[in-house]
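Shown next, in structure tokens, is the structure this report addresses.
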Amino acid sequence: MSDADSITKARAAVEAILRVLGVDRVICVDDTYGDQGSVEEVVAAALGLDAGRLANALPELGESIPDDQDVLRHKVREVWNQLDEHVRPKRADALLVAARQDGDETDDRADASILNELIPEDRFVTLSPSQWEKQGEDFLKADADRRTLFLFDRDLSGDGGDSEGGIKIIASLLARSDSGRLICGLLTHTVAPDDQIEQWDALSKAHGIPRDRFVVIPKLHLRRDPVLFAQTLKFAALCPDFTELKQKTQEIIAEAASSAARRVDEVSIFDLDHIVFQVSAAEGLWEPDMLFRLHALFHRLESRRLAHEGGGLEDIARRLRAVSAIPTECGTFTPPSNAWAIQREELFESDAHINENHLPLEVGDIFKRVGTTSRKRYILLAQPCDLMVRSDGKRQPELGHVPVAEVISSDPIPKYSEELPYYGSTPSERWYVRLKLIHQVRPCILDLCVLNEDGVARLVVGGDSPAGIRPAWKARHAVLSRLIGRAVRKADKLALVAREPAAVAELKTSIASDVMSALFDEGLFEGRIAEADGTRVVTYNCRRVGRVSRARAIGLLMAYTGYLSRPAYDRSFGPSQQTERPR
């Protein structure tokens, strides 16, 4: 049952929402209003309350509440008959709200009573479906001068209407040419808070209503916590302006894109050749990337100009800000959200994208060991310019090893670590980059991941470079082929030869494992040679499984350099106070 504090908080939020929106009137259409209840309902509600709550709901009983049920029943009837007809609805609502029991059972009358408590009396108009049929058009015309919030119960069959009557009325209203100002909400006990988003979307599609033009309000919110009703009402209030904000933003994006395309067209062929091809060739970059970078520059400049031009976006943002700032938080329910998944998309590139497109090795690339059950990951923390492969397929200078740090899911937080937020598959996971657990890996092994669409470090000996790979990495493939080819030829010397002296064969067999390990194992990653149908393949148990965004990757690189430069003081002669970091 909703307590007085919750109703008070929800009422304040509802009043603030209506005030900010300039809503002068709330029209609620519900078949419950076709039957205003009887004295028997009031008496039954009163008998189910303890003395304190009954005195609050029906103060006319006085301080002395009879214990005997028959005496109390008689006194409630007597007081009720003496009440003014304008006071009775308020007292009925108060009694029904107080008598409301927690649970999932349907109780439309009590829901309506709680709603009466939340919306100011001078703004609230309740109608039965039959009354709406007679007066609805008048209220819609009046909305042009006196803004109105329309709330419809989904099931109007109690007054001779349709079980889907409410949503059908909303669909017909929003299809009108004069519906631009309408704010509509669907009240229903057939939708639970936990599936509100899914049901909202389903109703939108089933009835052809844009989802941003109405809001679904579970009646269960009223019994769980009226603040939840205020919260959902706030979403209804936000929807029209959010729709306008998104529409105007999309128009700006489209206009800015056209403008950026024109500016790219205006760049001379001399500048295009220099920027797109000559610079790319020198740095080992993909030419279309440079063209997209140029377009992105012009698009960003034009979007910024258009966004501030005329102040239209700020006007909408100001209205939204005023509504969004109204407090409607509560601890009983958190609306479902995709914000975590959206943020993860901004911070991480998928392995499918970077591997299938053979994107070059970058700081922030994440790897795992294939063929193990370990959940550990490894992230590359090398300086971006050092990782750049130039047009000749080489780095300047060629790196002997690059640092990769362990990434683990852990609780508690590991010492000397940086969190990798939004990594993993659920918000409850916590992943950390362990800056003290660094492995030095030959970059040529990680380079092999770039060559394969599945991201596995693999090279077909004597094979061709992948089709569509960037020119610098086509040259890199040749460099890697020569490097690994030399290791394979050394390994070939251990192959047993027919009619070979037994002593030589025995020696080769005894040292084969050590030599193969020296040639192909990295410590962290292990390599093996396999042969099938005359084709030899060198494969390492290393696979690229993702990439963190450039900004976060640079932040991790800075954290790593900060860790390396941490001070190491001599150990104090005095008692240990844990004031100095250990070396």
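The numbers here are math on the coordinates, done by the rules we state, and not lab data. None of these values were measured; they are calculated from a predicted model. Here the Cβ positions follow ideal geometry from the backbone for every residue, glycine too, while neighbour counts run over all protein chains shown.
General observations
- Expected 222 nm ellipticity per residue - DSSP helices of 4 or more, -39500 (n - 2.57), all of the chain, to 500: -15000 deg cm²/dmol
- For G546, the residues 5 or more places off, or on other chains, whose built amide H falls under 5 Å of its own are I366.
- You can think of it this way: the chain between R73 and E429 has 122.4 nm of extra reach, that is 0.36 nm per residue less the Cα-Cα gap.
- Dividing the C-alpha radius of gyration of the stretch 397-467 by 2.2 N^0.38 Å, with N its residue count, gives 1.47.
- Beta-bridge orientation, the chain: approximately 65 percent antiparallel, per DSSP, counting only bridges with both partners inside.
- Tilt relative to the chain, helix 69-82 - C-alpha long axis, 0 to 90 degrees, to 10: 70 degrees
- Projecting the Cα atoms of F150, A230, V460 onto the dipole axis of the chain, where Lys and Arg carry +1 and Asp and Glu carry -1 at the beta carbon, places V460 farthest toward the positive end.
- FRET E, pair Q250, W340, Förster distance 25 Å, beta-carbon r, rounded to 0.05: 0.55
- Nitroxide proxy distance, nm - points 7 Å out along Cα→Cβ at M558 and R300: 1.7 nm
- Ranked list, fewest to most other Cβ atoms within 10 Å of each Cβ, for C184, C239, C385: C385, C239, C184
- In nm, spacing of pseudo-spin labels at R566 and D162 (7 Å Cα→C-beta vector): 6.8 nm
- Dipole magnitude of the chain about its Cα centre (Cβ charges: Lys, Arg +1; Asp, Glu -1), debye to nearest 20: 3700 debye
- The stretch 243-331 - Debye-derived log10 I(q)/I(0), Cα point model, q = 0.11, 0.19 Å⁻¹: -0.49, -0.87
- Convex hull volume per residue for the stretch 350-540, taking Cα atoms only, in Å³: 149 Å³
- Normalised by 2.2 N^0.38 Å, where N is the number of residues, the alpha-carbon radius of gyration of the stretch 4-234 equals 1.07.
- Candidate values (i) 68, 56, 46; (ii) 118, 69, 59; (iii) 107, 58, 45 were compared with Cα extents along the principal axes in Å computed on the shown model; the agreeing label is (ii).
- Of the residues K234, K490, the one with the fewest other Cβ atoms within 10 Å heads the list, and the complete ranking is K490, K234.
- For the chain, the longest principal axis of the alpha carbon atoms and the long axis of helix 4-21 meet at an angle near 80°.
- In this simple spin-label approximation, R550 and R489 carry label points 7 Å from Cα along the Cα→Cβ vector, and these lie 4.0 nm apart.
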